[in-house]
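A.B. asks: Dropping the structure in here first, questions after.
Values in this text are rule-based calculations from the coordinates and carry no lab data. Just so you know, these numbers come straight off a predicted model, no measurement behind them. Because the Cβ atoms are built from the backbone with ideal geometry, glycine has one as well, and the counts that use them run over all protein chains shown.
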């Protein structure tokens, strides 16, 4: 039996096996390569001059398949923990409305989370709502506390949720950012719509 395929042709065969083997490329390609090993050994009895490869196909298959991306890894959804900002600025419940507005302006943010000292999220406040509720009704912003002016609806996400889930919520609710919590409801970071867009761009590169 003649085995005079070139090394490049054998390489292509192994790569083809990796791409079409239904999630188990290495195991199935090694089975194919082991069969080629046996065929070459049998053919070598009559045609030793044709066995010019110093590396057996099974070994070669492993080196080739190492270059093939793992489909499962490629498709695994990324979580918010991977892209969030871990040092997000927050306000304590005892902060004044004036302090909240000053921080929002200095950070160029439209809203900010309000948390307890242990990190538990109490809610969020936005500059527009603070101005409307406090300034509009003649309250003194230096006395009024943010804990009395928390937004009625506070949206957040968990660190183990996917980036796609966060993006969906932000677009549906017209939000620019979301607090990121642990499953114990402790805030550990923040993610912005800009972060998500930048992540998409990096994935395209």
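A.B. asks: Any idea what log10 I(q)/I(0) is at q = 0.09, 0.10, 0.20 Å⁻¹ for segment 80-204, Debye with uniform C-alpha scatterers and no solvent?
C.D. replies: The calculated log intensity ratios at q = 0.09, 0.10, 0.20 Å⁻¹ are -0.26, -0.32, -1.10.
A.B. asks: So for 111, 128, 96, fewest C-beta neighbours within 10 Å to most, what's the order?
C.D. replies: Final ranking by Cβ density, sparse to dense: 128, 96, 111.
A.B. asks: If you don't mind, there's one more thing I want to ask. Using the number of other C-beta atoms within 10 angstrom as an exposure proxy, rank 148, 162, 115 with the fewest first.
C.D. replies: Taking fewest neighbouring Cβ atoms as first place, the list is 148, 162, 115.
A.B. asks: Rounded to the nearest 0.05, what FRET efficiency do residue 172 and residue 98 have when you use their Cβ-Cβ distance and R0 = 35 Å?
C.D. replies: 0.60
A.B. asks: Further question on the same structure: Does anything in segment 164-205 have its amide N under 16 Å from the 7 Å Cα→Cβ label point of residue 108, and if so which residues?
C.D. replies: 176-177, 192-195
A.B. asks: So, one more: In nm, what is the difference between 0.36 nm times the number of residues separating residue 154 and residue 184 and their Cα-Cα distance?
C.D. replies: 9.2 nm
A.B. asks: State whether segment 151-205 is rounded, prolate or oblate according to the following rule on the C-alpha gyration tensor (a ≥ b ≥ c being the square roots of its eigenvalues): a/c under 1.5 gives rounded; otherwise a/b larger than b/c gives prolate, and the remaining case gives oblate.
C.D. replies: oblate
A.B. asks: Report the relative contact order of segment 67-205, percent, no decimals, based on alpha-carbon pairs under 8 angstrom and at least 6 residues apart.
C.D. replies: Relative contact order comes out at 29 percent.
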